[in-house]
Amino acid sequence: MKVILDTKQIEQILRDLTKNIISDTPPDLDIAVIGIRSRGEVLAQRLSSRLSQELGKDVPCGTLDITLYRDDLNSPRGNSQPHVRTTEIGFNIDDKIIILVDDVLYTGRSTRAAMAALIDLGRPRAIKLAVLVDRIGREMPIHADYAGYKTDAAPVKLVQVNLVESDGKDEVVIE
């Protein structure tokens, strides 16, 4: 197990992501942050709070469950029932710039599922992807608009994101 990001590095990445999102977003447009369950949800909450503070206005935050949109839901290799949780978006996404947040971008399949789920909820002006870790190995033509850390971890390796809210500590490890 190798630690690739510690608490201080994750905090710096969140500061940088906040700064980059603000500099890329015209001030007259509404933005909202939506996190993909489960660690994307935690990162989205942190990012929304930082954006609200820096912009001096409320930046709404929501949570998206993509379980029913996954392309491996009926996979013959799967032998367990999917655990469907709630999507919690208490605002209208129409005409907003949505900052979609996930912990790791790898194949692109989770992001594709999240975009399909968002489109079922409304018509955002744009969807921008922000990730803590951008990993090589894309299977779909998807890229992060905002990426904190890029890694070329081998396909047999696991990139595990641990966050205080769910795991008791902030760190990213390669196993």
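The values are calculated or read from the model by the stated rules, or taken from the named source; none is laboratory data. None of the values given here were measured: they were computed from a predicted structure. Because the Cβ atoms are built from the backbone with ideal geometry, glycine has one as well, and the counts that use them run over all protein chains shown.
Residues that are touching a residue at least 40 places away in the same chain (Cβ under 8 Å) and more than 27 Å from Asp30 (Cβ to Cβ), at least 3 per element: which strands (runs of 3 or more DSSP E) completely within region 56-175 meet that?
In region 56-175, the matching strands (runs of 3 or more DSSP E) lie at 171-174.
Taking the stated definitions as given, is Asp71 touching a Ser or Thr at 6+ places or on another chain (Cβ under 9 Å) and either modelled with pLDDT of 95 or more or surrounded by 11 or more Cβ atoms within 10 Å (Cβ to Cβ) (or both)?
Judged against the criteria, Asp71 is not a match.
Is at least one residue of region 133-141 more than 23 Å from Asp71 (Cβ to Cβ) and at pLDDT 95 or above?
Scanning region 133-141 turns up no residue that is more than 23 Å from Asp71 (Cβ to Cβ) and at pLDDT 95 or above.
Among the residues of region 142-175, what is the count of those that are modelled with pLDDT under 95 and of a type in the set (Ser, Thr, Tyr)?
Number satisfying all stated conditions: 1.
Filtering region 107-156 down to residues that are of a type in the set (Ser, Thr, Tyr) and within 12 Å of the chain's Cα centre (by Cα), which residue is nearest to Leu51 (Cα to Cα)?
Out of the qualifying residues, it is Tyr146.
Select from region 3-55 the residues that are at pLDDT 95 or above and of a type in the set (Lys, Arg) and write down the one among them that is farthest from the chain's Cα centre (by Cα).
Top of the filtered list is Lys8.
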